[in-house]
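Below is one structure, written out as structure tokens, with a few remarks after it.
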Amino acid sequence: MTTDTTPEERAQEQEPLGGFGASLQNIFSAENSILVTVLAIVLALIVGAILMVVSDTSAMSKADYFFQSPGDFLSAAWHDISTGYSALFKGAIFDPKTVNGTPSQFFGPITGTLLDATPLIFGGLAVSLAFRGGLFNIGGQGQLIMGAIFAGYVGFAWHLPTGLHVIVAVIAGAIGGGLYGLLVGVLKAWRGAHEVIVTIMFNYAAFLFLGWLLNANGFHDPHVFGQAVSKPVDPNARLPHLFGDSVPTDISLVIAIAAAVVVSWFFRRSKLGFEVRALGFNPFAARTAGINVGRTRILTMALSGLLFGLVGVCQTLGTANANNNSLSPNIDANLGFTAITVALLGRNKPWGIVWAALLFGAFDAGAPIMQASAGIRVEIVSVIEALIVIFVAAPRLVQEIFRLRARRAAAATGGQA
Amino acid sequence: MTTTSIAAPSVGTAAKSGRANLIAGLSQAVIGVYAVFAFGLGARTQHSAKAAVGMALNPNAPGALHMQQFPAAPVAIALGALCTVCGLVRAFVTVSTVGRRWLTSGYVLAFVLAFLVWASAGTSGRGGISLPFAIQNTLIAAVPLILGALCGVICERSGVVNVAIEGQFLFGAFAGAMAATMANSVWVGLIAGCFGGALLGALLAVLANRYHIEQVVLGVVLNVFALGLTSFLYTQVLAPNQSSYNNPPIFQAIRIPGLASIPVIGEALFDNNIILYATFVIVVIVEIALFRTRWGLRTRAVGEHPRAADTVGIKVLGTRYRNVILAGLLSGLGGVWLSIGQVGAFTTNMSSGKGFIALAALIVGRWSPVGALGAALLFGFFGGLGQTLSSLQTGVPSQFLSMAPYLVTVFVVASLGGLVRPPAAENQPFVKG
């Protein structure tokens with residue numbers, strides 16, 4: 001193969017490359033519908049239910065004598081599933097017990113969902129922005145940690161007037177994430193290093209860097225002995241509440257919706273957005289059309305990192321921070337990877353991402369309640385989220401399971417296994 | 001996944017490679033000058049301090065080789081200067097592709113040696129930097145990387161990108177630890193762990209080949225799935241009942257008589273457990289199988305030109321399914337090494353990015369088993385560096401030493417850039433017709 005002449009090699013390279021970008025574009029648009037999405041969620045919840053039962057050792061011990069007394073096992077299994085999912089619902093949407101409670105009790109679960117959805121909107125937009133340029137940014141963890149470090153540092157080390165401080169801190173966080181993303185873009189565009197490997201490695205580097213900072217003089221909070229925590233951010237730098245102090249929703253929700261509008265505009269109307277999309281479809285055609293491929297890739301990664309930096313801002317300056325608005329080692333809360341699933345479920349469209357973020361935000365908000373009242377650990381949520389994405393990505397699998405009639409006779413793609 | 005990595009220079013930077021070399025070379029030279037000042041002229045190497053290199057794992061044993069010493073400052077300065085020269089050559093002299101690879105290797109080697117000389121300066125009281133200990137740490141860190149990279153080689157040579165090596169490690173480690181505990185046998189754990197890896201491999205194969213999900217995305221989502229599932233089962237089932245589910249026996253070291261008494265390398269190489277020996281045997285087997293057997297020829301044909309392979313009667317999809325699942329056994333073994341080969345328990349996210357470093361090793365090793373072995377040993381050295389230097393009191397924060405394997409991976413992947421070419425049909429679902 002290596003003895004081929006240059007044009008042939010070029011053609012061979014072109015094919016997979018075009019395929020890669022185009023398949024990233026089309027991955028969730030072809031023969032997909034809202035029905036498939038709903039069925040995918042149902043399937044994932046069914047698998048989650050099976051997991052709940054299988055992981056409950058006392059229920060499984062009843063399965064040993066299933067044929068003597070199936071009722072025992074079935075009722076134990078049903079108990080697991082129903083308490084689990086009803087607790088999830090109560091924690092995420094609405095708890096009937098709070099009908100006569102205070103407004104903050106009544107709206108508590110739903111505002112919790114909004115709170116958890118906000119960083120996911122930023123993150124989902126970040127991943128989708130890179131996706132549409134044919135780049136796969138799995139460096140969200142690192143970029144949001146860098147954003148959090150920048151925002152946190154400006155928040156506690158600088159002392160600016162009310163109003164100005166929070167704006168400067170938010171911008172600093174965005175710049176932090178953006179620079180870290182830019183670095184990936186530079187390595188990709190100038191050195192040809194694959195962004196998937198580089199971003200993963202940068203995730204670990206950022207995590208370890210944060211771990212060092214939190215114990216370093218100037219960053220570590222001297223009032224908290226023996227704990228890796230930074231100094232708390234000034235009250236001036238905290239994101240203001242949106243609906244009064246009793247409800248935890250903060251202004252970042254508005255910024256997130258605005259970001260969705262901006263990203264939507266970016267792809268529809270802006271020149272750079274057009275170039276990014278063109279690059280995602282076919283880099284060779286894009287270059288032929290006069291687009292500077294390297295520059296566009298660098299800017300794409302920088303913008304994606306910038307949005308991830310805003311995730312770090314939410315986690316540090318927002319009400320989502322449970323640590324008195326200071327940095328801690330687990331500041332990323334695995335949002336970098338959840339964001340990928342959000343972008344995929346939202347099919348890389350800004351408003352789809354908002355809906356997907358609300359769904360996954362509801363899971364994330366309900367999970368701790370489920371763990372507290374039904375004894376099912378929160379980690380199950382990431383299993384369900386990954387399964388939803390897998391099912392949505394494989395519409396034919398869902399159609400086969402539910403015996404849906406395929407829209408097009410998919411004879412050519414018939415399985416040969 | 002690497003489809004874009006080969007294409008990137010040819011698309012974006014063909015005209016700019018001169019400028020890119022200038023920038024890269026100059027920044028390397030600047031770092032080289034820094035190495036001269038920090039390692040050669042820093043406080044640690046002053047007052048004619050001597051670098052110390054230990055030659056035995058247990059220096060007090062009878063007949064053990066003595067520690068070797070040499071002046072630290074001049075050696076470190078010379079190595080730093082060599083770094084600078086490599087950088088300047090790269091910046092201002094047009095060199096061939098092969099020459100560039102040698103320059104990069106020389107640069108990395110000189111820089112690392114300069115650092116090690118600096119780190120070991122004046123540590124003769126603490127036994128110096130122990131060579132056998134470094135080899136041992138390298139091997140321990142490299143085993144999962146080698147196995148994961150081999151898994152990746154087989155998958156990608158058959159045209160399926162496997163980014164889910166990380167998840168396969170976790171499945172293997174989890175299944176290995178749990179089965180070994182319940183059966184109280186490492187061998188049951190080994191088999192269960194391998195099948196754990198193969199199970200995720202099977203899932204990857206079906207979703208990629210039958211349902212045509214984009215394979216890089218699929219791999220990443222499968223990693224999220226594997227991490228979520230093992231973490232959930234760990235916190236829900238294993239952690240509350242550690243003694244009955246997560247207290248496995250551990251593979252014991254087997255000392256090979258004769259070979260193990262070779263000075264310096266003997267103890268480090270020939271006093272290890274069976275998985276480590278098996279890993280090196282598997283490298284040889286896969287290398288021969290891939291390039292010398294009918295199976296290997298067919299595998300490579302399916303990965304390079306599936307249409308042609310199909311035309312001559314090779315079952316493309318069958319080959320892909322079989323290879324991805326078989327390769328999963330290897331990744332599973334890598335997971336087994338993590339849980340019952342080393343630690344003796346499963347913990348959440350215990351693979352910590354090793355699956356991705358294995359992926360980088362496979363690219364750096366240019367999709368060949370022996371090349372992947374070399375790259376995995378390189379990354380393994382940096383993975384074990386923190387352990388190797390732990391007793392030397394270098395003052396370098398442990399977090400920065402832990403960062404080394406990740407940053408070196410980025411550096412190597414970035415220096416190699418467009419010099420590597422993946423199998424042509426990688427990441428392309430095959431549709432017969």
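Does the stretch B:365-374 include one or more residues that are in contact (Cβ under 8 Å) with a residue 24 or more places away in the chain and not assigned by TED's automatic domain parsing to the domain that holds B:Gln252? Within the stretch B:365-374, not a single residue is in contact (Cβ under 8 Å) with a residue 24 or more places away in the chain and not assigned by TED's automatic domain parsing to the domain that holds B:Gln252.
Scanning the stretch B:248-263 for residues that are under 23 Å from the mean Cα position of the chain (by Cα) and touching a residue at least 40 places away in the same chain (Cβ under 8 Å), which turns out farthest from B:Trp367 (Cα to Cα)? Step by step, filter the stretch B:248-263, then rank; the result is B:Ile250. Residues B:Ala179, B:Ala141, B:Ala110: which one is in the same structural domain as B:Leu362 (by TED's automatic domain parsing) and more than 25 Å from B:Leu229 (Cβ to Cβ)? Testing whether each residue is in the same structural domain as B:Leu362 (by TED's automatic domain parsing) and more than 25 Å from B:Leu229 (Cβ to Cβ) leaves just B:Ala141. For A:Arg268, are the conditions met, namely being in contact (Cβ under 8 Å) with a residue 60 or more places away in the chain, more than 14 Å from every other protein chain (Cβ to nearest Cβ) and surrounded by fewer than 21 Cβ atoms within 10 Å (Cβ to Cβ)? Answer is no for this residue.
Have a look at A:Phe337, A:Phe308, A:Phe360 and point out the one that is under 27 Å from A:Ala151 (Cα atoms), touching an Asp or Glu at 6+ places or on another chain (Cβ under 7 Å) and outside any loop (DSSP other than H, G, I, E, B).
Unique residue meeting the criteria: A:Phe360.
For A:Ala193, the requirement of being over 26 Å from A:Glu275 (Cα atoms) and either buried (at least 24 other Cβ atoms within 10 Å of the Cβ) or at pLDDT below 95 (or both) is not met. Here the condition is being within 30 Å of A:Gly101 (Cβ to Cβ) and within 19 Å of the chain's Cα centre (by Cα); of A:Ala256, A:Ala260, it holds for A:Ala256 alone. Restricting B:Leu373, B:Leu416, B:Leu377, B:Leu407 to residues that are in a helix (DSSP H, G or I), within 9 Å of chain A (Cβ to nearest Cβ) and at pLDDT 90 or above narrows the list to B:Leu407. Checking the stretch B:418-427 against the condition returns no match, with no residue being among the aliphatic types (A, V, I, L, M) and touching a Leu at 6+ places or on another chain (Cβ under 7 Å). Only residues that are more than 7 Å from chain A (Cβ to nearest Cβ), closer than 18 Å to B:Leu200 by Cβ and touching a Phe, Trp or Tyr at 6+ places or on another chain (Cβ under 7 Å) were counted in the stretch B:212-263, giving 3. Residue under question is A:Thr37, and the condition is that it be more than 12 Å from chain B (Cβ to nearest Cβ) and at pLDDT below 50; does it hold? So A:Thr37 fails the test.
Filtered by the rule that a residue be surrounded by fewer than 19 Cβ atoms within 10 Å (Cβ to Cβ), assigned to a helix (DSSP H, G or I) and not polar (S, T, N, Q), the stretch A:285-296 gives A:Ala285, A:Arg295. The number of residues in the stretch A:219-248 that are assigned to a loop (DSSP other than H, G, I, E, B) and over 19 Å from A:Gly312 (Cβ atoms) comes to 12. In summary, A:Leu310 fulfils each of the numbered conditions (1) crowded, with 24+ Cβ neighbours inside 10 Å; (2) within 14 Å of another protein chain (Cβ to nearest Cβ); (3) modelled with pLDDT of 90 or more; (4) under 26 Å from A:Gly185 (Cβ atoms) with the single exception of condition (2). Tell me yes or no: at least one residue of the stretch A:327-339 is touching a Lys or Arg at 6+ places or on another chain (Cβ under 7 Å), surrounded by 24 or more Cβ atoms within 10 Å (Cβ to Cβ), of a type outside the set (Gly, Ala, Ser) and within 30 Å of A:His165 (Cβ to Cβ). There is no residue in the stretch A:327-339 that is touching a Lys or Arg at 6+ places or on another chain (Cβ under 7 Å), surrounded by 24 or more Cβ atoms within 10 Å (Cβ to Cβ), of a type outside the set (Gly, Ala, Ser) and within 30 Å of A:His165 (Cβ to Cβ). In the stretch A:112-166, the residue that is nearest to the chain's Cα centre (by Cα) out of those that are in a loop (DSSP other than H, G, I, E, B) and polar (S, T, N, Q) is A:Asn137. Only one of (1) surrounded by 14 or more Cβ atoms within 10 Å (Cβ to Cβ); (2) of a type outside the set (Asp, Glu); (3) within 23 Å of B:Leu238 (Cα to Cα) fails for A:Lys90. Which number is that? Failing condition for A:Lys90: (3).
One residue alone among B:Gly365, B:Gly303, B:Gly355, B:Gly344 is at pLDDT below 90 and under 20 Å from B:Pro422 (Cα atoms), and that residue is B:Gly365. The test for being part of a helix (DSSP H, G or I), more than 10 Å from every other protein chain (Cβ to nearest Cβ) and modelled with pLDDT under 85 holds for A:Gln399. Has the stretch B:168-179 got at least one residue that is surrounded by 18 or more Cβ atoms within 10 Å (Cβ to Cβ), over 26 Å from the mean Cα position of the chain (by Cα), away from every other protein chain (no Cβ under 14 Å) and more than 30 Å from B:Pro59 (Cα to Cα)? Yes; the residues of the stretch B:168-179 include at least one that is surrounded by 18 or more Cβ atoms within 10 Å (Cβ to Cβ), over 26 Å from the mean Cα position of the chain (by Cα), away from every other protein chain (no Cβ under 14 Å) and more than 30 Å from B:Pro59 (Cα to Cα). The number of residues in the stretch B:292-306 being of a type in the set (D, E, K, R) and without any contact (Cβ under 8 Å) to a residue 40 or more places away in the chain comes to 3. Please go through the stretch A:169-216 and give me each residue that is of a type in the set (Val, Ile, Thr), more than 10 Å from chain B (Cβ to nearest Cβ) and free of Cβ contacts under 8 Å to residues at least 60 places away in the same chain, ordered by number. The answer is A:Ile171, and nothing else. The residues of the stretch B:380-403 that are in a loop (DSSP other than H, G, I, E, B) and of a type in the set (S, T, N, Q), listed by number, are B:Ser390, B:Ser391, B:Gln393, B:Thr394. When the residues of the stretch A:347-381 are filtered to those that are charged (D, E, K, R) and touching a helix residue (DSSP H, G or I) at 6+ places or on another chain (Cβ under 6 Å), the one that is farthest from the other protein chains (Cβ to nearest Cβ) is A:Asp364. For the stretch B:383-396, taking the residues that are under 23 Å from the mean Cα position of the chain (by Cα) and not β-branched (Val, Ile, Thr), the one that is surrounded by the fewest Cβ atoms within 10 Å (Cβ to Cβ) is identified as B:Ser390.
The values are calculated or read from the model by the stated rules, or taken from the named source; none is laboratory data. The structure presented is a predicted model; accordingly, all values stated were derived computationally and were not measured. Note that each Cβ is placed from the backbone with ideal geometry, even for glycine, and that neighbours are counted across all protein chains shown.
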